[in-house]
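Please treat every number below as a calculation from the coordinates, not as lab data. This one's a predicted model, so the numbers in the text were calculated from it and none came from an experiment. Glycine gets a Cβ as well: all are built from the backbone with ideal geometry, and neighbour counts include every protein chain shown.
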Amino acid sequence: MSLISESLEAPPVAVSITGLRKSFGEKVVLDGVDLTIRRGEFVVLLGRSGTGKTTLLRLLTGLEAPDAGEVLVPGRRTTVYQEARLVPSKRVLGNVTIGQRRSRSAREAGLRALAEVHLDGKARQWPATLSGGEAQRVALARALVREPELLLLDEPFAALDALTRLQMQELVGELVARHRPAVLMVTHDVDEAVRLADRVLVLDAGRFAADREIDVPRPRQRTDPRALRHQAELLAALGVTPGSAP
Ligand SMILES: Nc1ncnc2c1ncn2[C@@H]1O[C@H](COP(=O)(O)OP(=O)(O)O)[C@@H](O)[C@H]1O
Ligand SMILES: [Mg+2]
């Protein structure tokens, strides 16, 4: 199918949220949120702890129901969390193909996904034998094999050491560039956000306090003055001004 006919048949929108409200008891977490994510767009969501980032992701996966508003999402969506959440009694490949009918093609797709995360040699290992970074790569392979139209990432690298984290950022950047799902990724790391995102949102007091296109060509250098400017302005939107950090 050509790109043109495809774009005529399906609008280039993966996620459409309008007037989304969500409270827990008295606490208003999302107070009329509007958000459109284009197909293939990589959106990063920043915000202080407890601002409702995970709640927004749970509303997109259907684990929470909105109090008001509309949430339109594609059918194929999958989430990677801070913890890999592997099933300890299944080998690595079994974790990647979990929930799928056993077949040669499912197995081959699982092995291909493992190769993409550079773990093809570990298909028969048990989860307990993996490092934290390897377990997270299995979680990524398990997400990829489902060919999601929407990939949700909730602080996926937060538990990893600094070097592994940088390697994972690079891997996620590559995988997303190849598979082109729409992505909504939560992180606390402004540097990571500016490295990966097409667009960065800052959630604060139930609304987006910033919505910023990251117009820095790839591959991105940390020292690119445009990247540094985005970082400074995002830190300001998060309420972190120079000298205020503890
Ligand atoms: N199931 C729930 N019941 C009650 N309060 C909740 C529930 N889930 C989240 N909250 C509250 O909603 C707010 C936002 O939580 P969360 O979305 O997890 O924030 P974030 O991911 O940005 O740190 C927090 O105050 C949290 O305590
Ligand atoms: Mg959270």
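Please compute the volume of the convex hull spanned by the alpha-carbon atoms of the stretch 52-152 and report it per residue in Å³.
Working: hull volume 10.9 nm³, N = 101.
About 108 Å³ per residue, rounded to a whole number.
Karplus-based coupling profile of the stretch 201-210, in residue order and whole Hz: 10, 10, 8, 8, 6, x, 9, 7, 7, 8, with θ = phi - 60° in 6.51 cos²θ - 1.76 cosθ + 1.60 and x standing for Gly or Pro.
Would you kindly calculate the translational diffusion coefficient of the chain, applying Stokes-Einstein with the Kirkwood radius from alpha carbon pairs, for 37 °C and a viscosity of 0.692 mPa s, and quote it in µm² s⁻¹ without decimals?
Working: Rh = 19.1 Å.
For these conditions, the coefficient is 172 µm²/s.
The C-alpha atoms of the stretch 88-139 occupy a region whose extents along the principal axes are 28, 23, 15 Å, arranged from largest to smallest.
Provide the packing ranking of 219-225, 194-200, 71-77, i.e. peptides ordered by the mean count of other C-beta atoms within 10 Å per residue, highest first. Could the numbers behind the result be given before it?
Working: 219-225: 11.1, 194-200: 22.6, 71-77: 15.1.
Highest-to-lowest ranking by the protection proxy: 194-200, 71-77, 219-225.
Here the dipole of the chain is about 1000 debye; that uses its Cα centre as origin and unit charges on the Cβ of Lys and Arg (positive) and Asp and Glu (negative). When the Cα positions of 153, 89, 44 are compared along the charge dipole of the chain, 89 comes out farthest toward the positive end, with charges on each C-beta of Lys, Arg, Asp and Glu.
Given the C-alpha atoms of the stretch 1-122, compute the convex hull and give its volume per residue in Å³. Intermediate results must be reported in sequence, preceding the final value.
Values: hull volume 21.3 nm³, N = 122.
Hull volume normalised by residue count: 175 Å³.
Extension gain, residue 101-residue 189: 0.36 nm per intervening residue step, less the Cα-Cα distance, totals 27.9 nm.
Would you work out if the stretch 170-212 is rounded, prolate or oblate? Take a ≥ b ≥ c from the square roots of the eigenvalues of the alpha-carbon gyration tensor; rounded if a/c is under 1.5, else prolate when a/b is larger than b/c, oblate otherwise. Numbers along the way, then the final one.
On the way: a/c = 2.73, a/b = 1.95, b/c = 1.40.
In terms of gyration-tensor shape, prolate.
Label reach from residue 48 (point 7 Å along Cα→C-beta): in the stretch 182-212, amide nitrogens under 14 Å belong to 203-207, 209.
Divide by every residue of the chain the summed helix terms, -39500 (n - 2.57) for each DSSP H run of at least 4, and state the resulting mean residue ellipticity at 222 nm, rounded to the nearest 500 deg cm²/dmol.
Values: 8 runs with 85 residues, N = 246.
Here the helix-only value at 222 nm equals -10500 deg cm²/dmol.
Using packing as a proxy for protection, rank 129-137, 185-193 so that the peptide with the highest average count of other Cβ atoms within 10 Å comes first.
Working: 129-137: 18.8, 185-193: 20.4.
Packing order, densest peptide first, comes out as 185-193, 129-137.
Backbone amide hydrogens, once placed in the peptide plane, bring residue 209 within less than 5 Å of 202, 203, 204, excluding anything fewer than 5 places away on its chain.
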